[in-house]
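One structure below.
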Amino acid sequence: MDQISTRLSPPEAPREFGFFMNGAWVPAGDRELFDRQSPAHGVPVTRVPKCTVEDLDAAVDAARRAFDDRRWSGLNGQARAAVLLRTGALIRERADEIAYFETLENGKPISQARAEVLGCADMFEYASGLARSLHGDSFNNLGDGLFGLVTREPVGVVGLITPWNFPFLILCERVPYILASGCTIVAKPSEVTSATTLILAEILSDAGLPDGCMNVVTGAGSSIGQALIEHPRVDMLSFTGSTAVGRRVVEAAGKSNFKKLGLELGGKNPQIVFADADLEDAADGVAFGIGFNTGQCCVSGSRLIVERSVADDFARMVQAKFDKVRVGDPLDEATQIGAITTEAQNATIMSYIERGQAEGARLICGGAQLDMGRGQFIVPTLFGDVTRDMSIAREEIFGPVLTIMPFDTIEEAIEIANDTDYGLAASVWTKNIDKALTVTRQVQAGRFWVNTTLAGGPELPLGGFRQSGWGREAGIYGVEEYTQVKSVHIEIGKRDHWVK
Ligand code: TXE
């Protein structure tokens with residue numbers, strides 16, 4: 001059956017935003033403006049203010065007041081849950097609008113953007129239950145004279161810095177859980193994808209979140225991002241982005257107030273395929289794992305490690321999938337791979353493709369930009385004859401570029417998979433339960449998939465081993481991450497005096 005193709009258009013004029021603070025929009029006024037062009041269409045789609053460090057200070061003050069006077073953390077779980085549930089419903093109501101701006105700013109296919117937005121509504125709905133079930137512990141075994149309680153308390157004001165690859169999804173993997181814990185937020189989205197974070201702030205306010213609990217400042221990482229990570233009145237910082245900036249976050253925390261940190265950084269994630277796998281399924285999963293979001297996912301399966309006896313056949317199967325995948329205008333409902341989000345990222349990916357060839361890898365397919373007359377697009381790319389020391393096998397490319405390396409034994413597969421500084425995610429494809437479990441146990445990764453990839457939901461936590469990060473987001477683990485534990489010792493009866 002023919003694919004029905006319907007297409008939205010980019011807007012005639014960019015949508016203008018202010019920033020959001022203390023429950024209200026702040027107009028851009030005479031601040032400098034940042035014009036975002038659609039990476040697929042080359043036309044301006046949004047305009048946001050470049051906030052100043054004074055704006056950031058005001059936003060932190062608003063979040064600080066909202067936390068310190070307990071207008072949010074002092075509510076009971078039922079009241080917090082009601083706001084989160086209403087937020088989920090409002091996201092569903094505005095899903096088309098949010099998805100449209102996500103696609104315009106990021107370049108991802110509109111059908112994917114819509115699915116992500118609905119998944120985000122689900123995260124708020126799930127987190128609403130967690131706001132009610134969050135609890136501590138008690139110790140009733142300390143003898144007749146003492147009773148012990150362990151309570152969980154919100155950390156305080158959380159700074160939230162997010163990247164451009166999943167502007168709304170990464171935001172919503174954090175915000176509902178942070179709010180469920182009772183914390184307040186100052187968010188700083190990537191300068192190129194600010195729109196949907198601003199829309200979420202408005203939705204939260206409409207859902208009844210008290211003023212000051214969610215504030216959004218827009219602008220450059222080097223100015224207000226840096227000021228946020230150094231801010232002495234921010235209690236915790238959740239950062240998702242490059243390893244290089246992650247290091248600055250750690251340094252800034254040490255130099256300021258030792259704020260608590262959550263970090264989700266890069267990945268170079270293995271896809272291990274055994275000869276006994278359902279190879280049709282595996283080829284599709286591997287193509288999806290690197291093609292989804294143009295490979296601009298921290299959990300993209302970018303290193304294919306295949307049992308030697310099937311390696312050549314499997315490469316042909318993946319190539320056949322790549323040939324069929326629909327790359328093009330992300331506003332077309334039929335598109336599966338859209339635009340590369342920034343010109344800088346496009347240049348980075350193309351330079352890795354050149355380096356791969358210069359280092360002696362064999363380009364099996366792809367390797368080229370797709371000329372659509374405007375915007376930047378790269379077709380899925382597959383490299384063979386790859387050795388472990390090559391930069392394309394070691395460094396996060398963050399694009400639709402897959403390398404293949406063969407293995408002979410399960411030990412060798414595990415060794416290649418672990419030969420990286422990262423440890424964010426991994427996938428294994430086999431119908432043999434012993435192999436699947438051995439690999440799952442021995443490969444270092446915070447997220448693991450067996451006979452699937454990139455699957456997930458709000459129940460399961462996200463985060464990395466090794467240099468992929470610190471801490472966990474989502475699920476009950478995500479809520480607990482934004483709490484601190486207090487031990488309460490309660491004496492029962494008359495004290496045994498120290499001074500007799
Ligand atoms: O990330 P940055 P970039 C990786 C990926 C990509 C590379 C560069 O390999 O090619 O990083 O992307 C803010 N203080 N990932 O340069 O700069 C910035 O404004 C405080 C992996 O875009 O790390 C944005 O909001 N904040 C990753 C956020 O940090 C600063 C997702 C991320 O931008 C700052 C994205 C500073 N000094 C890129 N400088 C993943 N793990 O998913 C920048 N920022």
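Taking the Cα centre of the chain as reference, the dipole from Cβ charges on Lys and Arg (+1) and Asp and Glu (-1) amounts to some 1220 debye.
Only helices enter this figure: runs of n ≥ 4 DSSP H residues, each worth -39500 (n - 2.57), summed and divided by the residues of the chain, yield -11500 deg cm²/dmol at 222 nm to the nearest 500. When only the Cβ of Lys, Arg, Asp and Glu is charged (+1, +1, -1, -1), the dipole of region 270-450 relative to its Cα centre reaches about 200 debye. Among 287-295, 329-337, 175-183, sorting by the average number of other beta carbon atoms lying within 10 angstrom of each residue, highest first, gives 175-183, 287-295, 329-337. When peptides 359-369, 313-323 are sorted by average Cβ neighbour count within 10 Å, with the highest value leading, the order is 313-323, 359-369.
What a 1.4 Å probe finds exposed on region 270-450 is 46% carbon and sulfur by accessible area, rounded to a whole percent.
On full extension, the segment bounded by residue 490 and residue 459 gains 7.7 nm, given 0.36 nm per residue less the C-alpha separation.
Summing Lys and Arg as +1 and Asp and Glu as -1 over all other residues whose Cβ lies under 12 Å from the Cβ of residue 396 gives a net charge of +1.
Highest mean first, how do 184-196, 92-104, 22-34 rank when packing is the count of other Cβ atoms within 10 Å averaged over residues?
184-196, 92-104, 22-34
Within the chain, antiparallel bridges make up roughly 40 percent of the DSSP beta bridges whose residues both belong there. Between residue 139 and residue 437, the simple spin-label model (points 7 angstrom out along Cα→Cβ) gives 3.5 nm.
Rolling a 1.4 Å probe over the protein heavy atoms gives region 15-265 an accessible area of 35 Å² per residue. What a 1.4 Å probe finds exposed on region 15-265 is 52% carbon and sulfur by accessible area, rounded to a whole percent. When cysteine pairs in the chain are screened for C-beta atoms closer than 4.7 angstrom, the residues that find no partner are 51, 183, 213, 297, 298, 365.
Once the convex hull of all Cα atoms in region 15-265 is built, its volume per residue stands at 132 Å³.
Along each principal axis, taking the top coordinate minus the bottom one, the Cα set of region 270-450 gives 50, 34, 30 Å in descending order.
Can you tell me how the chain classifies by the Cα gyration tensor, rounded, prolate or oblate, using a/c under 1.5 as the rounded cut?
oblate
A dipole drawn for region 15-265 from +1 and -1 charges on Cβ atoms has a positive end, and of 74, 38, 48 the residue lying farthest that way is 74.
Dipole orientation for the chain: of the candidates 297, 192, 139, 139 has the Cα lying most toward the positive pole (charges on Cβ; Lys, Arg +1; Asp, Glu -1).
The values are calculated or read from the model by the stated rules, or taken from the named source; none is laboratory data. Since we're looking at a predicted model, the values are computed, not measured. Note: ideal-geometry Cβ built from the backbone for every residue, glycine included; neighbour counts use all protein chains shown. Side chains included, ligands, DNA and RNA excluded: accessible areas come from the protein's heavy atoms. Shrake-Rupley method; radii C 1.70, N 1.55, O 1.52, S 1.80 Å.
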